[in-house]
Amino acid sequence: MILELIEDIVKLTCIVAALYVALRYFIRNKRPGLSEALEKRRLAVLFGLVLMVLALKISEDVLGGESGPVDNTVLLFIHSHVPASLTPFFAAITFTGSSKFLLPFTALITLILFLARHHSEALLLAVSQICAVLVIVIIKTAVARDRPTLWETDWYWGASFPSGHTLAVATFATAATLCVLKIKPGAQGIAIALATLWIFFVGLSRLVLGVHWPTDVLAAACIGTFLPLVIKVVIHFRQA
């Protein structure tokens, strides 16, 4: 199993490297004016490619039924080690990833950014969240994975893959962090830490509540983080 993991890591690394080289070649030959912008956003582009490839790999395992044993083992382990007394806490954490909370919160922060004349940041936040909603609906409908039934849980809309709550929070948190990096670079560390913790706890809450498989959450975190990064790069390239 360890050898298979190492093989997968090497394979994914090679794919990311090949995609980045191909992207650089394309830009240098077809859009040379964007070469400088690509170099400035090199780490963001690489990170985005890693997230994209990882999300595709997880999706492949889910569609192929290869993730089942690991999903079951991890979910049962969490269920047996997290006290039932913490369920209300994780239910409250889950609420922060719901549309009832995120949609009005996104609208409020977008409006504040727009009124403060941070138009690019307001656009990034709004477009990212709109794309997240579309991606959630499209993938859930296409994959139609059954939710876990390992124990009795509350009902939630839609199929299991990917976790909509995790994807939406990852999208908002990443977009908000990118906004902070532009507006107040000195708060970079705090912004990244808060975003990471929020994504982690919302993802964990979905597992504690038993309404998602671990691969649902992991893929959602990758996709949700990827979306604002690629949108940010596109906006930067258009402005370059």
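Bear in mind these aren't lab numbers, they're just calculated from the coordinates by the rules spelled out. Source: prediction; values computed, not measured. Here the Cβ is made from the backbone with ideal geometry for all residues, glycine too, and neighbour counts use every protein chain on show.
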I'd like the residue in segment 17-38 that is of a type in the set (Gly, Ala, Ser) and either within 26 Å of the chain's Cα centre (by Cα) or under 20 Å from Val50 (Cβ atoms) (or both) and, out of all such residues, is surrounded by the most Cβ atoms within 10 Å (Cβ to Cβ). Ala37
From Val135, Val143, grab the single residue that is within 29 Å of Arg31 (Cβ to Cβ) and touching a helix residue (DSSP H, G or I) at 6+ places or on another chain (Cβ under 8 Å). Val135
Do you know which residues across segment 151-205 are farther than 30 Å from Lys40 by Cα, in contact with a helix residue (DSSP H, G or I) (Cβ under 6 Å, 6 or more places away or on another chain) and either touching a residue at least 40 places away in the same chain (Cβ under 8 Å) or of a type in the set (Lys, Arg) (or both)? Ser160, Phe161, Pro162, Ser163, Gly164, His165, Phe201, Val202, Gly203, Ser205
From the options Lys232, Lys140, residue that is touching a Leu at 6+ places or on another chain (Cβ under 6 Å), in contact (Cβ under 8 Å) with a residue 12 or more places away in the chain and of a type outside the set (A, V, I, L, M, F, W, C): Lys232
Of the candidates Ala44, Ala55, the one satisfying the condition of being over 23 Å from Ile139 (Cα atoms), part of a helix (DSSP H, G or I) and of a type in the set (Gly, Ala, Ser) is Ala44
Which numbered condition trips up Glu66, out of (1) assigned to a helix (DSSP H, G or I); (2) within 28 Å of Asp216 (Cβ to Cβ)? (1)
